[in-house]
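Worksheet: one structure, shown below.
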């Protein structure tokens, strides 16, 4: 049987929402809210973790930048040290050990007190430092206690044939000079001459030093 409600709209009973429908809507709302809460919680936690990692990496990067600058400074300092070291070695190799050279010169001249082979003394000495390819030179006013040029030749040969002493020298003058006499002195006769020793350029000294090594 069909029922027709002829009452006006304002007098009609309003239909109530079904309890099942209301419950379903409420449950859906709770699920959605819970999902948002869970998502927010997870998102915030992940964000905090990621942010902490970012800050940690930035700190590490800053530390690495500091160490990188220190490393660059050390590398630059090392290069400067190596440059200075090479310069010092070059200067050291280009310098002659004058104390040792003069000591050897005196030993050869004195000849352990043996005056039979030669007896030489000097009145003055002058030196020239040289420049460029021209090495230094030494000139000494010398006398040999004899009137025989053979003793002068013996002395010059002893200087030239001593390899340890003469290794840095280029040339030595040949025998020569003049015989001088003085009856009031002993010996009375002597050969007066200029002893001229010319040295190799400093580049040759460096080569000699390297050969020793």
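Key figures for this structure:
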| read-out | value |
| --- | --- |
| Cα→Cβ-extended label distance, 7 Å offset, between residue 179 and residue 28, nm | 14.3 |
| Neighbour-count order for 162, 72, fewest beta carbons within 10 angstrom listed first | 72, 162 |
| Pairwise label distance in nanometres, residue 67 with residue 44, each label 7 Å out on the Cα-Cβ vector | 3.7 |
| Two-site FRET efficiency, residue 188 against residue 106, from Cβ-Cβ distance with R₀ of 22 Å, rounded to 0.05 | 0.30 |
| Fully extended contour minus Cα-Cα distance, from residue 86 to residue 134, at 0.36 nm per residue | 14.9 nm |
| 100, 163 arranged by Cβ crowding within 10 Å, fewest neighbours leading | 163, 100 |
| Inter-part distance where region 127-184 and region 61-87 are each reduced to a Cα centre, Å | 53 |
| Among 43-49, 144-150, the order from most to least packed when residues are scored by Cβ within 10 Å on average | 144-150, 43-49 |
| Packing-based exposure ordering (other Cβ within 10 Å, fewest first) of 156, 61 | 61, 156 |
| Percent of beta bridges antiparallel (DSSP, region 98-212, rounded to nearest 5) | 100 |
| Estimated distance in nm for a label pair at residue 170 and residue 114, the labels positioned 7 Å out from Cα along Cα-to-Cβ | 3.2 |
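All of the numbers you see were taken from the coordinates with simple rules; none came from a lab. Everything numeric in this text was worked out from a predicted model, so none of it was measured. All Cβ positions, even for glycine, are placed from backbone atoms using ideal geometry, and neighbour counts span all protein chains on display.
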